[in-house]
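So the structure is just underneath, and the comments pick up after that.
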Amino acid sequence: MTLKDKIIQVSYELFATKGYERTTISDIVKASESSKGGFYHHFNSKEDIIDTLLDNCMKDLQFHYNNLFDRYNNDTIKVFNGVFEAITIYKSEKIKRWPEFMNMFCFEGNSLITMRMAHALHKMTEAFYFELIVKGNHKRLWSIDTPSNIAGLWTRELMRIYAEISALLNDYNESNFNKFVSLLEFDEELINRLLSTDQLTVKDEAINYFESEKSDMNNMNFNRYKTLDKIV
């Protein structure tokens, strides 16, 4: 492991357990068995480390988004439906450290990390949907004059779904679940109408994702299991 990698690793751990604001560069230097000179050789500030952490997270998730094209042989509809699946696979790779991973983003005082993560996730997902909508135009699956508008709208709605999933995980009851299902039915009809198709399956994909999250939460006995509610 290089010194840069070690600095990133210990920063990740300190931000998750101590909080970004309370973690000092001296803490990072000490934990990484580095020196201030060694730290500043690789990073100018703690914010530089955040940028590197977020960049790594987004590259990993982007890989799983892009991998959907191979998984479904460039079937645009299936790729569109596979976004929840991509995030589930991404999460499964990090499951051993998932509570720590999410704690880094949800730790009280880590608002800077949370805001940057939200912006990065939104930007990348919107770009992915834009690409899919344009591909759908080329394949004559639909004819959309303003793909950027629909990509932006649908990304915002997707982030809302994630927030609702997290809220439901933390306050589950039949009434809340039924409201969640109603939201999904509305969203499924919305995106199908926007793209003039009937093949997009928001409801099933989101419920499967919710069940996966619920199972992981129970398996880890993580009482305050947070997913993306503070990020979106």
Quick count over the range 7-48, residues being surrounded by fewer than 20 Cβ atoms within 10 Å (Cβ to Cβ), in a helix (DSSP H, G or I) and in contact (Cβ under 8 Å) with a residue 60 or more places away in the chain, is 4
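With the requirement that a residue be farther than 22 Å from HIS122 by Cβ and either part of a loop (DSSP other than H, G, I, E, B) or within 22 Å of the chain's Cα centre (by Cα) (or both), what does the range 186-202 give you? Full working, then the answer.
Start the filter on the range 186-202 by keeping residues that are farther than 22 Å from HIS122 by Cβ, which leaves 189, 192-193, 196-199, 201.
Across the range 186-202, the qualifying residues are SER196, THR197, ASP198, GLN199, THR201.
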Based on what the data block shows, is THR17 modelled with pLDDT under 90, outside the structural domain of MET115 (by TED's automatic domain parsing) and β-branched (Val, Ile, Thr)?
yes
The lone condition SER166 fails out of (1) closer than 25 Å to SER92 by Cβ; (2) in contact with a Ser or Thr (Cβ under 7 Å, 6 or more places away or on another chain); (3) modelled with pLDDT of 90 or more; (4) polar (S, T, N, Q) is (3)
TYR162 meets each of (1) within 23 Å of the chain's Cα centre (by Cα); (2) hydroxyl-bearing (Ser, Thr, Tyr); (3) under 21 Å from THR125 (Cβ atoms); (4) not in a helix (DSSP H, G or I) with one exception, condition (4)
When GLU185 is run through (1) within 20 Å of LYS78 (Cα to Cα); (2) crowded, with 20+ Cβ neighbours inside 10 Å, the failure sits at (2)
Scanning the range 70-85 for residues that are in a loop (DSSP other than H, G, I, E, B) and crowded, with 21+ Cβ neighbours inside 10 Å gives GLY82
So, first residue in the same structural domain as PHE210 (by TED's automatic domain parsing) in the range 172-193, second residue among the acidic types (Asp, Glu) and assigned to a helix (DSSP H, G or I), Cβ within less than 7 Å, six or more apart or across chains; the pairs are PHE180/GLU164; LEU183/GLU164; ASP187/GLU157
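Rundown of residues vs (1) at pLDDT 85 or above; (2) touching a Phe, Trp or Tyr at 6+ places or on another chain (Cβ under 8 Å); (3) not aromatic (Phe, Trp, Tyr), yes/no style:
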site: GLU47; (1), (2), (3): yes, no, yes
site: ASP55; (1), (2), (3): yes, no, yes
site: ASP60; (1), (2), (3): yes, yes, yes
site: LEU68; (1), (2), (3): yes, no, yes
site: THR88; (1), (2), (3): no, yes, yes
site: LYS91; (1), (2), (3): no, yes, yes
site: LYS94; (1), (2), (3): no, yes, yes
site: ASN110; (1), (2), (3): no, yes, yes
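The values are calculated or read from the model by the stated rules, or taken from the named source; none is laboratory data. Because the structure is predicted, anything quoted here is derived from the model rather than measured. When we count neighbours, we look across all protein chains shown, and the Cβ atoms used for this are built from the backbone with ideal geometry, even at glycine.
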